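Worksheet for the structure shown next.
The values are calculated or read from the model by the stated rules, or taken from the named source; none is laboratory data. Bear in mind the structure is a predicted one, so any value in this text is a computation, not a measurement. We place every Cβ from the backbone using ideal geometry, glycine too, and count neighbours over all the protein chains shown.
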Amino acid sequence: MEISNPLQFLLALCMAGACSLAFYFYYRSWFRPQRIRRRLRQQGVAGPPPSFPFGNSLEMKRLVAEMKRRRRGRGREEATEIKHDYTPLVFPYFERWREIYGPVFSYSMGNVVALHVSHPDAVKEISLCSSSDLGKASYLKKTHEPLFGQGILKSNGESWSHQRKIIAPEFFSDKVKGMVDLMVDSATPLLTSWRETVELSGGTAEIKIDEHLRRYSADVISRTCFGSNYAKGKEIFEKLRALQNAVARPNLFAEITGLRCIPTKRAREVQRLNREVNALILTAVKEEEKEEEGGGEERRRPTQRNLLQAILGSASGSLDQCSDRFVVDNCKNIYFAGHETTAVAASWCLMLLALHPEWQARARAEAVEVCGGGRSPDANALQKMKILTMVIQETLRLYPPGAFVAREALRDVDLTGLRVPAGVNIYVPVTVLHHDSSIWGPDPHRFDPDRFARSSSSSTTAAGCRPPHTYLPFGAGPRTCLGQNFAMAELKVVLSLLLLRFDFDLSPAYCHSPCMRLIVEPEHGVKLLVKQVQADSSTN
């Protein structure tokens with residue numbers, strides 16, 4: 001057929017393209033999710049009704065904003081009262097929906113259908129599932145891609161298995177024991193800085209501890225990854241922190257459409273930071289390769305190789321071909337998992353010890369006994385720190401860094417009699433399980449390390465928890481955190497060294513406000529009054 005008017009043809013083509021795009025958007029954002037929701041409803045799984053195209057996201061934002069207004073409307077004394085049950089403040093929508101629909105319900109975030117699961121039997125089944133049918137949840141994968149890429153924290157299937165085989169052996173307990181001296185060395189600048197600050201302040205200093213602990217943790221990871229101190233990796237950490245803050249808010253357009261190409265101000269900032277972080281890591285990688293090739297006195301023995309060397313040795317190809325992304329993504333993952341979460345856990349732990357001086361005294365007395373004579377803790381000493389282990393375990397119960405264990409049904413899966421359709425993201429609310437009175441007994445919001453008195457030194461054993469699979473500070477199942485032994489050792493080292501030298505009280509300026517920024521952290525930081533412990537032969 002002859003086209004008489006090219007303009008009309010172009011217009012018709014544009015209209016056809018717009019209709020196709022609209023149909024694609026409708027299919028992804030409503031038709032397909034609605035079909036999944038219908039399958040769940042047919043099996044008795046209810047949930048709040050979604051709206052097009054945002055699902056329940058707008059209601060979630062509204063409830064959070066409403067809770068913030070209510071908190072601001074209260075007096076300062078009530079608003080800053082320390083309550084460890086922060087779930088109603090941070091996740092008010094889950095509290096409301098649990099009351100209405102029970103421990104298993106569905107909701108939607110954009111075009112992603114989610115299944116909230118807090119029933120212990122279902123949680124156990126998820127924890128025991130070793131099938132590849134359950135993978136890492138895809139929600140926010142596009143938003144978080146600049147921070148995690150295709151690294152071990154977000155990958156699935158063969159890619160995840162390959163990365164785990166490379167990284168897991170580097171965090172086995174025998175390797176971690178060899179890293180204790182490194183952790184002690186990393187704490188020296190922190191101890192010196194606090195001692196000088198306290199002395200200059202006349203014996204007692206108010207210190208906002210968060211950034212200090214981040215620098216300590218960053219130094220440990222720098223030495224572990226690159227075999228060098230924090231100064232060399234400082235710029236990487238600062239930009240990764242900025243990148244984390246930039247991607248902390250979900251990009252619903254990217255999640256619904258799968259596109260991240262809209263050049264908003266925040267998108268441009270994320271892209272810039274991502275490019276800069278990638279370039280810095282690749283520079284460090286190339287320097288590492290040159291040191292290895294150069295040999296000489298600086299060359300490390302094979303038994304002393306750092307984590308980056310292990311990744312480089314196992315990555316296929318060369319940096320000039322395809323392995324650069326593999327290395328960069330996993331360096332980002334290790335930085336985030338090993339740096340941010342441990343530093344935040346240490347901050348919560350010191351806050352709780354300052355709030356409970358009796359436990360602070362017990363943990364300090366144990367550290368003095370184990371590290372008598374002014375010795376720094378070694379691997380054997382860490383194993384003897386039962387009280388400090390209990391304190392850390394209880395801290396991770398009350399303030400788990402990860403608020404959820406998230407999985408996605410990559411294929412249809414059975415879960416305690418429920419057929420979960422492929423594409424459903426399953427969320428196990430760790431904070432809910434860790435504060436459940438039916439699991440932990442009366443007063444589950446109270447800080448009580450004695451709950452773990454009968455447990456071993458393992459980081460995941462919970463004697464006070466009737467179903468042990470409901471204690472999830474390091475995740476669950478095959479995807480349990482690879483670095484949990486490393487994290488526990490790092491926490492014991494820094495906390496024992498600080499307790500040996502300093503005494504802690506909460507500052508009157510401390511404002512208790514847990515918030516969600518990828519992990520649960522103190523919104524306004526943790527301010528403590530720090531003074532030196534009375535000098536004696538055991539703490540010099």
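Look through the range 305-351, keep the residues that are more than 21 Å from R223 (Cα to Cα), in contact with a Gly (Cβ under 9 Å, 6 or more places away or on another chain) and at pLDDT 80 or above, and return whichever of them is surrounded by the fewest Cβ atoms within 10 Å (Cβ to Cβ).
In the first step, residues of the range 305-351 are kept if they are more than 21 Å from R223 (Cα to Cα); the result is 316-323, 325, 347-351.
Filter once more, so that each one left must be in contact with a Gly (Cβ under 9 Å, 6 or more places away or on another chain): 323, 325, 347.
In the following step, the residues that additionally are at pLDDT 80 or above were identified as 325, 347.
Working: R325: 15, S347: 24.
For the range 305-351, the residue satisfying everything is R325.
If you scan the range 225-236, which residues turn out to be at pLDDT below 80 and either surrounded by 18 or more Cβ atoms within 10 Å (Cβ to Cβ) or in contact with a strand residue (DSSP E or B) (Cβ under 8 Å, 6 or more places away or on another chain) (or both)?
Hits for the range 225-236 are C225, F226, G227, Y230, G233.
Can you tell me which residue within the range 352-367, out of those that are touching a residue at least 24 places away in the same chain (Cβ under 8 Å) and surrounded by fewer than 19 Cβ atoms within 10 Å (Cβ to Cβ), is nearest to M488 (Cα to Cα)?
The extreme case among them is R362.
With among the hydroxyl-bearing types (S, T, Y) and either surrounded by fewer than 16 Cβ atoms within 10 Å (Cβ to Cβ) or farther than 23 Å from V344 by Cα (or both) as the only criterion, which of S130, S186 stands out? Break it down stepwise before answering.
Working: S186 fails: either surrounded by fewer than 16 Cβ atoms within 10 Å (Cβ to Cβ) or farther than 23 Å from V344 by Cα (or both).
The conditions single out S130.
Mind checking which residues of the range 205-224 are touching a Gly at 6+ places or on another chain (Cβ under 6 Å) and among the aliphatic types (A, V, I, L, M)?
Answer for the range 205-224, where residues must be touching a Gly at 6+ places or on another chain (Cβ under 6 Å) and among the aliphatic types (A, V, I, L, M): just I221.
Quick one: which residue in I256, I221 is touching a helix residue (DSSP H, G or I) at 6+ places or on another chain (Cβ under 7 Å) and at pLDDT below 80?
I256
For the range 497-517, which positions are touching a strand residue (DSSP E or B) at 6+ places or on another chain (Cβ under 7 Å) and closer than 21 Å to E358 by Cβ?
Those that are touching a strand residue (DSSP E or B) at 6+ places or on another chain (Cβ under 7 Å) and closer than 21 Å to E358 by Cβ: R501, F502, D503, F504, D505, L506, S507, Y510.
Can you give me the number of residues within the range 417-439 that are without any contact (Cβ under 8 Å) to a residue 40 or more places away in the chain and surrounded by 21 or more Cβ atoms within 10 Å (Cβ to Cβ)?
1
Which count do you get for residues in the range 369-384 that are surrounded by fewer than 18 Cβ atoms within 10 Å (Cβ to Cβ) and either assigned to a helix (DSSP H, G or I) or of a type in the set (A, V, I, L, M, F, W, C) (or both)?
Looking only at that region, the number is 8.
What residue, among those in the range 385-412 that are of a type in the set (D, E, K, R) and within 20 Å of R451 (Cβ to Cβ), is farthest from the chain's Cα centre (by Cα)?
K386
Helices (runs of 4 or more DSSP H) wholly in the range 76-159 with at least 3 residues that are modelled with pLDDT under 85 and under 30 Å from D324 (Cα atoms) - which ones?
Filter on the range 76-159 gives 141-148.
Output yes when any residue across the range 193-216 is touching a His at 6+ places or on another chain (Cβ under 6 Å) and part of a helix (DSSP H, G or I), and no when none is.
no
Please enumerate the residues belonging to the range 13-71 that are outside any helix (DSSP H, G or I) and aromatic (F, W, Y).
F52, F54
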